[in-house]
Structure formats: C-alpha cells, structure tokens
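The values are calculated or read from the model by the stated rules, or taken from the named source; none is laboratory data. None of these values were measured; they are calculated from a predicted model. Cβ placement follows ideal geometry from the backbone for every residue including glycine, while neighbour counts extend to all protein chains displayed. For the accessible areas, the whole protein counts, side chains as well, though only heavy atoms, and no ligand, DNA or RNA atoms are used. Shrake-Rupley method; radii C 1.70, N 1.55, O 1.52, S 1.80 Å.
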Amino acid sequence: MSIRARLALGAALITALVVLVVAAVQFLALGSFLSQAERTRLELLLPTVQRAIETAPQENSVLRLSEALSGSALPRNVDVRVLRGARVIALTRNFPVLPLNLPPSYAPRMTHSVLVTTLEIGGQPTTVQLASDVLGVVNPLRAYLRALAVSAPLAALLSALLSFVLAGRLLRPLARLELAAAAVGQGGDLRSPLPGAGRQDELGSLARVLQTAFGRVAEVRAREASFTRAAAHDLRSPLAALKTRLQGALAGPRHTAELREDIGEALSDVERMRRLTEHLLLLARGKQEVTLRPLNLAVVAGEAVDRARERAPGVPLEFEAHGNATLLGDAALLTHLLDNLIGNGVHHGAGAAMRVEVVGTPQHVCLRVCDAGPGVPENALPRLTEAFYRADASRSGAGHGLGLALAQQVADVHGASLHFETVTPSGLRVVVTFERGELG
C-alpha cells in the first residue's frame with residue numbers, strides 16, 4: 001500500500017474514531033438533558049394536579065377524582081396516582097402498575113419516568129405520583145443514533161477523499177525528487193542539482209541531504225578513479241623496468257657480475273612494488289579493523305629514529321622526548337606513520353639536519369618531525385596528504401607519493417590532527433597531535 005493510500009486510510013480511521021467519541025459524549029449529554037427536561041415538565045404539572053383535587057366536590061369517590069384529573073390539562077402521555085397514606089384517592093386510567101410505597105424521587109421505572117413527591121392538599125399530606133412514558137426521551141436519542149449512523153461513515157469517507165487529494169499534492173515534490181534521483185543514478189552525474197533543495201520543509205531537507213550525499217559519492221568516485229590511475233602508473237613503471245632487466249639477463253651470455261647487478265636492480269624494483277602494495281593495503285584498512293592499546297609513543301619514535309639513522313647515516317637526526325607519551329594506539333600503524341614522516345624528510349630534505357620530538361601533556365601527546373631542507377611552497381601544504389601528489393614534479397621518480405597520505409590515514413584512525421608548517425629560513429615541520437584518551 002502506498003504512503004498516499006495509508007495516509008487516506010489513517011485519516012478516515014482517525015475521523016471515524018473522533019466522530020464516535022464525540023457522538024458518545026453528546027449521546028450521554030443529550031440523554032441527561034432530555035431526562036432533566038422531562039423531570040422539569042412533570043414538576044410543572046404538580047400545581048395542575050393539586051388544583052384538580054382541591055376543586056373536586058367533597059363527596060367525590062376515587063372514580064370522580066380520577067375523572068377530575070383526566071379532565072384537567074394533563075398531557076396524554078402523563079398519568080397520575082394520588083395517595084393519602086396507603087389509600088389511593090385518585091388514579092388515571094393508564095397509570096402503570098407500580099408499588100404504592102415509592103419513595104419521593106425521580107427515576108425511570110419499567111417503561112416510564114416516575115416523579116414521586118408529597119404535597120399539602122386540603123390540609124392533609126398527600127403523595128402524588130406522575131408517570132410519563134419514556135418515548136419523550138428515547139425517541140430523540142434514537143433519531144440522534146440514526147443520524148449518526150449516516151453522518152459518521154460520510155465524514156470518514158469525506159476525510160479519506162480529502163486526505164488522499166491532499167497527500168497527492170504534498171507527495172508530488174517527493175515523486176519529482178524520486179525521478180530526479182533515479183535520473184542521477186542512471187546518468188552518472190552525481191553533482192546534478194535535485195528539485196526541492198531550496199524548500200524550507202522536510203522535503204527540502206531530504207533533497208539537500210541527498211544532494212550532499214551524492215556530491216560526496218561523486219568526490220569519492222573521482223578520488224578512487226584518480227587513485228587507481230596513479231596506482232596503476234606507479235606499478236607499471238617498476239614492472240616494466242623489472243621485465244626489461246629480466247629480458248636483458250636472458251638475451252644472451254652474461255658475466256656473473258652483470259647478472260648480480262641486474263638481479264640487484266630487479267630486487268630494488270620488487271622492493272619498491274612491495275612497499276607500494278603494502279601502503280595501498282594500509283590505506284584501504286578500515287577503522288573497524290584497528291585495535292587501539294596503551295603504548296608509549298616515545299618508544300615507537302625512538303625505534304623509528306634508530307632505523308632511519310641506519311638507512312641514512314649521513315643525515316644528522318636528533319631525537320628528544322619530554323613528559324608522559326603513553327596513549328591508545330596501534331603500534332604497527334604508528335610505526336608506518338613515523339617511518340613515512342622521517343623518510344619523507346630524509347628523501348626531500350637534501351641531506352639537511354632533522355629533529356624528531358615527542359612531548360606529552362596531561363591531555364595530549366604531540367609528535368613533531370622537522371627538517372631543514374628546501375621546504376614546500378605554502379600553496380602546496382594543503383595537498384601534501386593527497387595520494388600520489390608530489391609538490392615538485394621534477395622529483396616524480398623518487399617514491400610513490402603515498403607516504404604522507406598514509407600518515408594522514410593513520411592520524412585519522414587514531415583521532416589525531418596532522419598539519420604542516422613551513423620553517424624559517426627553510427624546511428618543513430610536520431605536527432601530529434593525539435588525544436591521550438582513557439587508558440583504562
């Protein structure tokens with residue numbers, strides 16, 4: 001069932017329920033009003049009964065008194081019985097069969113509404129009983145119920161029809177939005193504007209959310225396409241070089257030294273592809289796959305500095321740690337972060353001195369990697385963490401442009417911030433700030 005039909009059905013049911021509740025309240029109120037009106041009518045007849053009895057001749061028998069009552073101005077549906085003590089002194093013809101000793105009251109009895117009261121007639125206490133049939137109360141209530149039986153279904157039907165029409169008008173923008181979203185999915189242009197995005201209501205909010213989501217998907221698709229092309233390019237180069245060297249080694253007789261040289265270069269190409277593949281896999285890791293445990297960032301950084309000193313003994317590399325550097329982290333990912341940040345400074349610092357610092361404060365642990373090399377232009381700083389981006393196109397042969405992208409990914413996984421600063425007179429500083437978190 002469509003939303004439009006459900007809205008119409010729901011409106012009809014709600015209308016029927018409201019009508020029935022209101023009708024029930026009105027029915028009770030009407031019954032009470034009619035009953036009170038009937039009591040008032042009977043009370044107004046008491047003076048008429050009293051005059052009829054007082055003006056009757058003294059020698060009147062019960063029959064004569066009854067004739068006097070019948071001849072008075074009593075309505076046809078009202079009958080009277082008059083008693084003195086336990087003796088009936090007057091009785092109209094159609095008075096119902098009721099006990100003589102009824103207490104003074106007004107109440108429904110059998111098929112009549114009966115008013116019982118005591119009057120002073122001829123100096124003697126006299127009990128007057130007036131009985132009217134209930135048709136004066138029942139007939140209006142029956143008429144009301146018959147009218148309700150017709151009006152309630154009509155009200156529900158009218159509500160359903162109006163709700164169906166109104167829902168159609170309200171849902172029309174949603175139908176247009178659905179068609180536009182389907183067209184975007186088929187055409188592939190995820191940045192196409194969606195209808196209704198300018199509305200200031202729920203449909204406008206939905207259109208804006210969809211438009212934002214489509215835009216983000218478009219950005220992800222663009223990044224994936226660029227990422228895939230760049231990865232294929234960087235893998236193709238070492239593969240082509242490896243193939244050329246192997247073909248050269250198999251082309252004819254070679255000396256042992258030449259074979260060793262070719263095999264060494266081939267191993268370098270394999271190592272480059274291994275590192276590229278490893279970094280690609282690390283970049284593809286989801287945050288849900290990472291388990292953070294307490295560790296000392298100063299220890300991880302010190303080990304990374306020792307490895308860098310072994311690989312580049314000609315680069316002056318200092319290391320300092322201050323304060324408590326314990327935080328929640330993944331040791332393998334943080335090792336890759338440090339290796340990439342230090343390696344980036346070694347490769348692009350032109351042999352200039354480097355400094356690595358780890359500083360712990362009560363709330364944060366800060367990692368700084370600084371080199372005194374040529375530095376990076378200010379306009380290139382925001383793009384340094386883009387995969388395969390190189391600030392200096394002339395250095396395209398060095399590395400594969402994933403190191404800083406991986407560092408940003410590791411920082412994001414740890415909820416840390418990573419930013420770059422230029423150093424005066426030259427150089428680059430990378431600052432990674434970690435929240436200490438609950439160590440447990």
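Listed here are the residues, each with its yes/no results for (1) farther than 24 Å from Phe434 by Cβ; (2) modelled with pLDDT under 85; (3) open to solvent by 20 Å² or more (accessible area, probe 1.4 Å); (4) not hydroxyl-bearing (Ser, Thr, Tyr).
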position: Glu258; (1), (2), (3), (4): yes, yes, yes, yes
position: Ile263; (1), (2), (3), (4): yes, yes, yes, yes
position: Ala266; (1), (2), (3), (4): yes, yes, no, yes
position: Arg272; (1), (2), (3), (4): yes, yes, yes, yes
position: Leu276; (1), (2), (3), (4): yes, yes, no, yes
position: Arg293; (1), (2), (3), (4): no, no, yes, yes
position: Pro313; (1), (2), (3), (4): yes, no, yes, yes
position: Phe319; (1), (2), (3), (4): no, no, yes, yes
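If the condition is being of a type outside the set (Gly, Ala, Ser) and buried (at least 16 other Cβ atoms within 10 Å of the Cβ), then the range 145-163 contributes only Leu148.
If we scan the range 147-170, do we find a residue that is in contact with a helix residue (DSSP H, G or I) (Cβ under 7 Å, 6 or more places away or on another chain), more than 28 Å from Val18 (Cβ to Cβ) and modelled with pLDDT under 80? Taking every residue of the range 147-170 in turn, none turns out to be in contact with a helix residue (DSSP H, G or I) (Cβ under 7 Å, 6 or more places away or on another chain), more than 28 Å from Val18 (Cβ to Cβ) and modelled with pLDDT under 80. Filtering the range 17-29 to residues that are touching a residue at least 40 places away in the same chain (Cβ under 8 Å) and either open to solvent by 50 Å² or more (accessible area, probe 1.4 Å) or hydroxyl-bearing (Ser, Thr, Tyr) (or both) leaves Leu20, Gln26, Phe27. Identify all residues within the range 82-128 that are open to solvent by 40 Å² or more (accessible area, probe 1.4 Å), touching a residue at least 40 places away in the same chain (Cβ under 8 Å), outside any loop (DSSP other than H, G, I, E, B) and touching a helix residue (DSSP H, G or I) at 6+ places or on another chain (Cβ under 7 Å); write none if there are none. Tyr106, the sole residue that qualifies. Restricting attention to the range 30-50, the residues being crowded, with 17+ Cβ neighbours inside 10 Å and under 50 Å from the mean Cα position of the chain (by Cα) number 0.
From the list Asn340, Asn324, which one is in contact with a Gly (Cβ under 9 Å, 6 or more places away or on another chain), at pLDDT 90 or above and open to solvent by 10 Å² or more (accessible area, probe 1.4 Å)? Reasoning before the result, please.
On the way: Asn340 fails: at pLDDT 90 or above.
So the residue among Asn340, Asn324 that is in contact with a Gly (Cβ under 9 Å, 6 or more places away or on another chain), at pLDDT 90 or above and open to solvent by 10 Å² or more (accessible area, probe 1.4 Å) is Asn324.
Could you check, for the range 51-63, whether at least one of its residues is part of a helix (DSSP H, G or I), surrounded by 15 or more Cβ atoms within 10 Å (Cβ to Cβ) and either modelled with pLDDT under 90 or out of contact with any strand residue (DSSP E or B) (no Cβ under 6 Å at 6 or more places or on another chain) (or both)? Among the residues of the range 51-63, at least one is part of a helix (DSSP H, G or I), surrounded by 15 or more Cβ atoms within 10 Å (Cβ to Cβ) and either modelled with pLDDT under 90 or out of contact with any strand residue (DSSP E or B) (no Cβ under 6 Å at 6 or more places or on another chain) (or both), which makes the answer yes.
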